[in-house]
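Please treat every number below as a calculation from the coordinates, not as lab data. Treat the numbers as computed from the prediction; the structure is a model and nothing was measured. Glycine also receives a Cβ, built like all others from the backbone with ideal geometry; neighbour counts cover every protein chain displayed.
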Amino acid sequence: MEKEAILSYFPNITNKKFKDLCSNYNSWQEIKNITASELNSFGWKKERVQSFLDWKDNINLNEIDNQLKQEEIEYTTISDPNYPDLLAEIHDPPYCLFKKGKLKSKEFALGVVGTRKYSQYGKQVTHKLVKEMARAGITIVSGLAYGIDSFAHNATLEAGGRTIAVLGGGIDKNNIYPAEHRDLAQQIVYSGGAVVTEYSPGTEPTKYTFP
């Protein structure tokens, strides 16, 4: 596994810590041999240094690899050709994306997100506009949430278009949120779209992790 994917499993890892490690070490083996003094040189707090040292010595890569294969989860790192170009241009882009389905480096996409407490007018307008855009070849990106998000995904599927769901937690079967939309997530993947997240499998969604 690539170092970016493995590091995604370190609890609450930040982009700064990703940068500290990925910019200074070429492989997971080099990171695995890191010392406390090296981590201290990055300005990490003492408790995070010890937490990382304990974590890297105990992580089970075979177990992770088996789960990814079993659940048909793949990953794309920021250096991969298929990493979305526009995402790479934002401030602090994710170093690794876990995905089910296909990601493209270049595509014309539009984000459609909205309230969970929708009005009938909002539902109707979302359905109408999204279907028209999907038929025009625009990829619709949303968050799989209740309300407007799910309407956007469903309208795209009805139009035979491509849609991507971006989640705020792991995309393993136990953490796709909301659980009631697991079937919708499968439909998105089977239709040629993708379900994607920056969080490793096993990460529970919280109000702080939604993009």
Open item on the list: With just the Cα atoms defining each centre, how far is region 105-153 from region 165-203? Give it in Å.
Closed with: 17 Å
Open item on the list: Give me the dipole magnitude in Debye, nearest 20, for region 3-59 about the Cα centre, with unit charges on the beta carbon: positive for Lys and Arg, negative for Asp and Glu.
Closed with: 180 debye
Task: Sorted by Cβ density within 10 Å, fewest first, the residues D57, D85 - done: D57, D85
Open item on the list: Restricting to bridges with both residues inside the chain, how much of the DSSP beta-bridge set is antiparallel, in percent to the nearest 5?
Closed with: 45 percent
Open item on the list: Please report the projected area of the chain's Cα convex hull averaged over all directions, in nm².
Closed with: 12.1 nm²
Task: Charge dipole magnitude, Cβ of K and R +1, D and E -1 - the chain, Cα centre, debye nearest 20 - done: 660 debye
TODO: Determine ³J(HN,Hα), in whole Hz, for all residues of region 5-10 in sequence, where each value follows from phi through the Karplus function 6.51 cos²θ - 1.76 cosθ + 1.60 and θ = phi - 60°; x replaces Gly and Pro.
DONE: 5, 5, 5, 4, 7, 6
Task: Computed E for E180/S41 - FRET, C-beta separation, R0 45 angstrom, nearest 0.05 - done: 0.45
Task: For region 27-78, alpha-carbon Rg and Dmax in angstrom - done: 14.0, 39
- [ ] Please give every one of the lysines within straight-line cross-link reach of K102, meaning a C-alpha to C-alpha distance under 24 Å, and leave out same-chain neighbours fewer than 8 residues apart.
- [x] K3, K69, K131, K173
Task: region 3-59: proportion of alpha-carbon pairs further apart than 20 angstrom, % - done: 8 percent
Task: Degrees between helix 61-70 axis and first principal axis of the chain (Cα, 0 to 90, nearest 10) - done: 10 degrees
Open item on the list: Running a GNM on the chain with Cα contacts under 10 Å, which residue among E72, E180, E63 ends up with the highest mean-square fluctuation?
Closed with: E63
Task: Reachable lysines from K45, criterion Cα separation under 18 angstrom, eight or more residues apart if same chain - done: K16, K17, K19, K56
Open item on the list: Restricting to Cα pairs below 8 Å that are 6+ residues apart, what does the relative contact order work out to for region 3-59? Please round to a whole percent.
Closed with: 32 percent
Task: Proxy reagent accessibility, fewest Cβ within 10 Å first, across T139, T76 - done: T139, T76
- [ ] Evaluate the relative contact order of region 53-211 (contact order divided by residue number), counting alpha-carbon pairs under 8 angstrom at least 6 apart; express in whole percent.
- [x] 22 percent
TODO: Only helical DSSP H runs with n ≥ 4 go in: add -39500 (n - 2.57) per run for the chain, normalise by residue count and round the 222 nm mean residue ellipticity to 500 deg cm²/dmol.
DONE: -11500 deg cm²/dmol
- [ ] Please label the shape of region 72-197 as rounded, prolate or oblate, based on the square roots a ≥ b ≥ c of the eigenvalues of the alpha-carbon gyration tensor (a/c under 1.5 means rounded; beyond that, a/b larger than b/c means prolate, else oblate).
- [x] prolate
Open item on the list: Can you sort H127, H153 from fewest to most other Cβ atoms within 10 Å of each residue's own Cβ?
Closed with: H127, H153
Task: Cβ-placed point charges (K, R +1; D, E -1), dipole of region 26-78 about Cα centre in debye, nearest 20 - done: 340 debye
Task: Rounded FRET efficiency, nearest 0.05, which uses the C-beta distance separating I90 from Q67 and R0 of 41 Å - done: 0.90
- [ ] Enter the angle in degrees (range 0 to 90, nearest 10) between the Cα long axis of helix 15-24 and the first principal axis of the Cα atoms of the chain, meaning the one along which they spread out most.
- [x] 50 degrees
